[in-house]
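Chemist: Have a look at the structure that comes next, please.
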Amino acid sequence: MRARSWLWGRGGRRGLCSGGAGGVPGAVRPFEAIPRDGRNRWLNLYRVWRSGGFQDFHHRMEDSFQRLGPVYRERVGTYDCVNVLLPRDAAQLFRAEGVFPRRMGIEAWSAHRRLRNHKCGVFLLNGQAWRSDRLALNREVLSPAGARKFAPLLDAVARDFAAAMRRRVRQTPGGALTLDLHPLLFRFTLEASSYALYGERLGLLGGAAAGGAQAFIGAVETMLRTTLPLLFLPPPLLRRLHPPLWQEHLRAWDTIFQHADQSIQRIYREFCRGGPGGYGGILAELLLQGQLPLDSIKANVTEFTAGGVDTTAMPLLFTLFELGRNPGVQRALREELRAAEGGGGPGGAAEAEEGGAGGVRRGPRPLPELLGELPLLRAAIKETLRLYPVGITVQRYPAKDVVLHNYRVPAGTLCQVALYAMGRSPDVFPHPERYDPSRWLGKDDTSFRALAFGFGARQCIGRRLAEAEMMLFLMHILRNFTIEAVSTEDIRTIFRFILMPEKSPLLTFRTLD
């Protein structure tokens with residue numbers, strides 16, 4: 001990866017390293033002195049809209065930090081916030097977040113819930129309502145004990161994905177399969193997250209997604225694409241100015257809720273009949289706990305369903321691309337996995353006869369048992385999320401006044417930590433252009449540098465689910481295949497509420513044996 005050298009030109013470096021308005025601790029300056037990126041909020045919105053700048057929002061933030069220093073104020077339509085770059089300012093926001101941390105609300109999502117008479121889940125809730133739901137969910141979704149229960153379900157889907165890929169590679173002349181993996185990753189993440197949430201396999205790995213699942217995948221893509229422009233205008237105004245976009249957004253959410261509701265109703269009926277024995281997924285466990293009313297469970301599980309596809313598929317795609325153009329890192333990860341498994345055939349697992357359980361034998365130890373024993377693999381995921389964070393910012397409204405880089409910011413001000421710009425800053429990461437997972441394994445302080453899942457009590461509720469899903473997928477890929485990137489050129493990224501490639505990279509898979 002080539003560094004964007006223009007970002008850290010003379011002005012930007014001076015703003016980070018010198019005193020005064022942008023630098024080391026000194027006299028605390030008032031909020032009004034924070035550098036601004038444009039004065040007129042509506043003119044700023046018009047300029048962004050006309051330039052197609054929504055999809056380049058992460059690059060616009062980089063440019064603003066270069067011009068204005070490591071803290072600046074931005075006003076675009078209804079969006080008014082203070083953006084910060086450095087980990088020490090993220091730490092200050094953590095200390096000021098209070099008992100009920102608040103993140104930026106998404107009024108379009110909340111408006112859909114009001115119009116359709118749905119409850120909100122923890123992503124949209126605040127205050128005591130957020131806290132009570134969050135505490136009830138943590139046990140089954142975020143705790144290590146909860147992860148140990150749903151990890152075998154994720155492992156089964158990852159194993160089946162690897163078996164299906166092996167069959168495709170075998171059928172390819174020359175034993176090398178080159179493809180855009182993006183559509184297959186969508187099906188894998190939907191299959192895996194649905195199995196963990198509902199205890200239900202959708203059968204998406206054998207071919208094209210079924211109609212209902214395909215409609216759901218399309219709805220998630222539409223929901224994310226239409227969310228970004230809605231952030232900057234209140235929905236009543238948007239309905240008058242651009243009704244087709246608003247209606248498209250509503251229909252996407254309706255499809256997402258319909259998909260989730262069908263699975264929830266099925267599980268609820270089984271639960272009322274006594275249900276099958278054993279672990280039946282996160283939803284069944286929440287019903288067994290009885291700590292949340294059914295409508296709150298439905299609201300939260302629907303949010304998990306909507307957030308469990310792109311937000312996992314994109315990091316996996318970026319990770320495979322980086323492993324494909326960094327074969328030394330790929331070999332080191334495979335060696336770590338073999339050592340943890342205790343040896344075995346190629347990649348730590350020998351191939352089974354066709355038609356066997358999943359098509360690929362397990363190694364000496366079940367892979368879910370290794371989740372805590374692969375520090376380099378965990379570091380590789382961190383390194384991917386440093387360069388390609390799913391969300392380009394982490395937001396907080398501080399509960400008390402806070403000093404950010406020598407500026408006093410009043411309580412209740414929307415503040416954002418710019419993850420994309422931080423991940424590519426040489427003042428935070430030496431040689432940020434390198435894909436180097438080992439940077440997370442040394443003795444250097446990495447506090448408040450790995451924030452892809454947020455921080456504090458309001459960190460991503462699906463963190464354990466996403467991490468386990470990504471790690472188990474990568475374990476099965478590493479033990480069965482070598483990956484090559486057809487092109488080693490940097491991927492151009494675009495922001496459509498989550499970060500994604502403008503054009504998916506082509507990857508070549510070969511079986512290890």
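Chemist: Mind counting the residues in the stretch 282-317 that are assigned to a loop (DSSP other than H, G, I, E, B) and either buried (at least 22 other Cβ atoms within 10 Å of the Cβ) or of a type in the set (A, V, I, L, M) (or both)?
Modeler: 3
Chemist: Only one of R102, R116, R167, R131 is in contact with a strand residue (DSSP E or B) (Cβ under 8 Å, 6 or more places away or on another chain) and not hydrophobic (A, V, I, L, M, F, W, C). Can you tell me which?
Modeler: Selected residue: R102, the only one of R102, R116, R167, R131 that is in contact with a strand residue (DSSP E or B) (Cβ under 8 Å, 6 or more places away or on another chain) and not hydrophobic (A, V, I, L, M, F, W, C).
Chemist: Give all pairs with beta carbons closer than 7 Å in which a residue from the stretch 111-132 that is more than 20 Å from G412 (Cβ to Cβ) meets a residue that is hydroxyl-bearing (S, T, Y) and surrounded by fewer than 17 Cβ atoms within 10 Å (Cβ to Cβ); count only pairs at least 6 apart in sequence or on separate chains.
Modeler: Taking only residues 6 or more apart or on different chains, the pairs are C120/S110.
Chemist: Of everything in the stretch 38-76 that's within 18 Å of C415 (Cα to Cα), small (G, A, S) and over 25 Å from the mean Cα position of the chain (by Cα), which residue is modelled with the highest pLDDT?
Modeler: G69
Chemist: Please verify whether R134 is buried (at least 22 other Cβ atoms within 10 Å of the Cβ), assigned to a helix (DSSP H, G or I) and basic (K, R), treating the condition exactly as stated.
Modeler: So R134 fails the test.
Chemist: Then there is this: Could you please find all residues in the stretch 396-450 being aliphatic (A, V, I, L, M), part of a loop (DSSP other than H, G, I, E, B), touching a Pro at 6+ places or on another chain (Cβ under 9 Å) and under 27 Å from F232 (Cβ atoms)?
Modeler: To start, the set of residues in the stretch 396-450 that are aliphatic (A, V, I, L, M) comprises 399, 402-404, 409, 411, 414, 417-419, 421-422, 428, 441, 450.
So of that shortlist, the ones also part of a loop (DSSP other than H, G, I, E, B) come out as 399, 411, 414, 428, 441, 450.
Now restrict to residues that are touching a Pro at 6+ places or on another chain (Cβ under 9 Å): 399, 411, 428, 441.
Once the filter is applied, which keeps residues that are aliphatic (A, V, I, L, M), part of a loop (DSSP other than H, G, I, E, B), touching a Pro at 6+ places or on another chain (Cβ under 9 Å) and under 27 Å from F232 (Cβ atoms), the stretch 396-450 yields A399, A411.
Chemist: Shifting gears a bit: Under 7 Å by Cβ, and 6 or more places apart or on different chains, what pairs join a residue from the stretch 222-236 that is part of a loop (DSSP other than H, G, I, E, B) with one that is polar (S, T, N, Q)?
Modeler: F232/T78; L233/T78; P234/T78
Chemist: To continue, here is another question. Look through the stretch 95-113, keep the residues that are crowded, with 20+ Cβ neighbours inside 10 Å and closer than 20 Å to A399 by Cα, and return whichever of them is farthest from the chain's Cα centre (by Cα).
Modeler: For the stretch 95-113, the residue satisfying everything is A96.
Chemist: Of all the strands (runs of 3 or more DSSP E) wholly in the stretch 469-513, which have at least 2 residues that are crowded, with 16+ Cβ neighbours inside 10 Å and out of contact with any Asp or Glu (no Cβ under 9 Å at 6 or more places or on another chain)?
Modeler: Per the criteria, 481-485, 499-501.
Chemist: Which one of these does P152 not meet: (1) at pLDDT below 95; (2) assigned to a helix (DSSP H, G or I); (3) not aliphatic (A, V, I, L, M)?
Modeler: It is condition (1) that P152 fails.
Chemist: Looking only at the stretch 114-130, which residues are part of a helix (DSSP H, G or I) and either surrounded by fewer than 17 Cβ atoms within 10 Å (Cβ to Cβ) or among the hydroxyl-bearing types (S, T, Y) (or both)? Full working, then the answer.
Modeler: Residues of the stretch 114-130 that are part of a helix (DSSP H, G or I), as a first pass: 114-116, 127-130.
R114, L115, R116, G127, Q128, A129 - these are the residues of the stretch 114-130 that are part of a helix (DSSP H, G or I) and either surrounded by fewer than 17 Cβ atoms within 10 Å (Cβ to Cβ) or among the hydroxyl-bearing types (S, T, Y) (or both).
Chemist: While we're looking at this one, here's another question. Here is a list: F481, F429. Which entry is more than 20 Å from the chain's Cα centre (by Cα) and under 30 Å from A27 (Cα atoms)? Spell out how you get there, then give the answer.
Modeler: Details: F481 fails: under 30 Å from A27 (Cα atoms).
Exactly one of F481, F429 is more than 20 Å from the chain's Cα centre (by Cα) and under 30 Å from A27 (Cα atoms), namely F429.
Chemist: Give me the pairs: first residue in the stretch 436-460 and farther than 19 Å from L377 by Cα, second residue aliphatic (A, V, I, L, M) and not in a loop (DSSP other than H, G, I, E, B), beta-carbon distance under 6 Å, and six or more apart or on different chains, which are they?
Modeler: Partner pairs satisfying both residue conditions: F448/A90; F448/A91; G454/V394.
Chemist: Sticking with this one: Quick check on my filter: what residues within the stretch 257-312 are of a type in the set (K, R) and farther than 29 Å from L115 by Cβ? Walk me through how you get there before you give the answer.
Modeler: Going through the stretch 257-312, the residues of a type in the set (K, R) turn out to be 266, 269, 273, 298.
Result: R273, single match.
The values are calculated or read from the model by the stated rules, or taken from the named source; none is laboratory data. Note that the coordinates shown come from a computational prediction; the quantities given were computed from them, not determined experimentally. Note that we place each Cβ from the backbone using ideal geometry, even for glycine, and neighbour counts take in every protein chain shown.
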